[in-house]
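The values are calculated or read from the model by the stated rules, or taken from the named source; none is laboratory data. Remember, predicted model here, so these are calculated numbers, not experimental data. Glycine also receives a Cβ, built like all others from the backbone with ideal geometry; neighbour counts cover every protein chain displayed. Remember, those area values only see protein heavy atoms, side chains included, never the ligands or the DNA or RNA. Shrake-Rupley method; radii C 1.70, N 1.55, O 1.52, S 1.80 Å.
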Amino acid sequence: AGALTALLHIDYIASRLSVFSPNATFLGLSDGMFSLDRNQFNTRPGLFQRIAKWGYSAWNSSYSINAGCRESRGIEDEWKCMFAEHVSMHVETPAFFVNSKYDPWQLRAILGIKCEYDVGCPAHQETSYVLYGQSMVRSLEILPEKHGYYVSNCIRHCMAGSRGRWNIM
């Protein structure tokens, strides 16, 4: 969860760096984990939802999660700030999101879809991942103006961190 972790801590890191270099400009890059808070294709909570909810409590995450996001969610749903779709609305530091609408990790961990994209998926699962991709684009489109994004149709989890990825988009 490197991209998600970067997003969760970007304001803290920017504030610490500004102590040493008050005139520096800081921008975060979140590559591959603009996660949406969605149930699986079969309407049950997904694996990542269950892990995020459990982890928020088990790891005592409230201290390190964005305070604005926590306040907007309410005490019962603070754990939802572990999803980029929710926390990104409260991040003060400009961030750039690079993501695929069809991120294979998210399709498995969030939607519970285990087939390969567009290869042998039952129609109801294919419909679920198409709708997930459309929801991702809508969520990115309403980000605060200080943030930017690039979203592709490529079947990738991360795009910026490995050699050769940019030339296949």
Completion exercise
Output for the range 65-151: GluC sites (Glu not before Pro) sitting in coil per DSSP, at most 13 other Cβ within 10 Å, listed by number, reads Glu92, Glu145
Problem - Cysteines (scope the chain) whose Cβ has no counterpart Cys Cβ under 4.7 Å - result: Cys154, Cys158
Handout entry: Crossing angle, helix 2-20 versus the chain [Cα axis fit, 0-90 degrees, rounded to tens]
Key = 10 degrees
Practice task
May I ask you to list the lysines whose Cα is less than 23 Å away from that of Lys53, ignoring any residue fewer than eight positions away on the same chain?
Solution key: Lys80, Lys114
Exercise for the section: For the chain, count all C-alpha to C-alpha pairs, find those more than 28 Å apart, and express that count as a whole percent of the total. Expected result: 23 percent
Completion exercise
Helix 47-58 sits off the longest principal axis of the Cα atoms of the chain, rounded to the nearest 10 on a 0 to 90 degree scale, by 30 degrees
Fill in the blank from the handout: Among Gly55, Gly133, Gly74, the residue with the largest mean-square fluctuation in a Gaussian network model of the chain built from Cα contacts under 10 Å is Gly74
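Expressed as a whole percentage, what fraction of the accessible surface of the chain belongs to carbon and sulfur atoms when a 1.4 Å probe is rolled over the protein heavy atoms?
The value for the chain is 55 percent carbon and sulfur by accessible area.
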Fill in the blank from the handout: Relative to the chain, whose Cα atoms define the longest principal axis, helix 123-141 and its Cα axis are tilted in degrees, nearest 10, by 20 degrees
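What 222 nm value per residue comes from the helices of the chain, counting each DSSP H run with n ≥ 4 as -39,500 (n - 2.57) and dividing by all residues, nearest 500 deg cm²/dmol? Provide the component values of the computation, followed by the final result.
On the way: 6 runs with 67 residues, N = 169.
So the helix-based figure for the chain works out to -12000 deg cm²/dmol.
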Problem - trypsin sites (Lys or Arg not before Pro) within the range 24-124, DSSP loop, no more than 13 other Cβ atoms inside 10 Å - result: Lys114
Handout entry: Average accessible surface area per residue within the range 10-106, 1.4 Å rolling probe, Å²
Key = 54 Å²
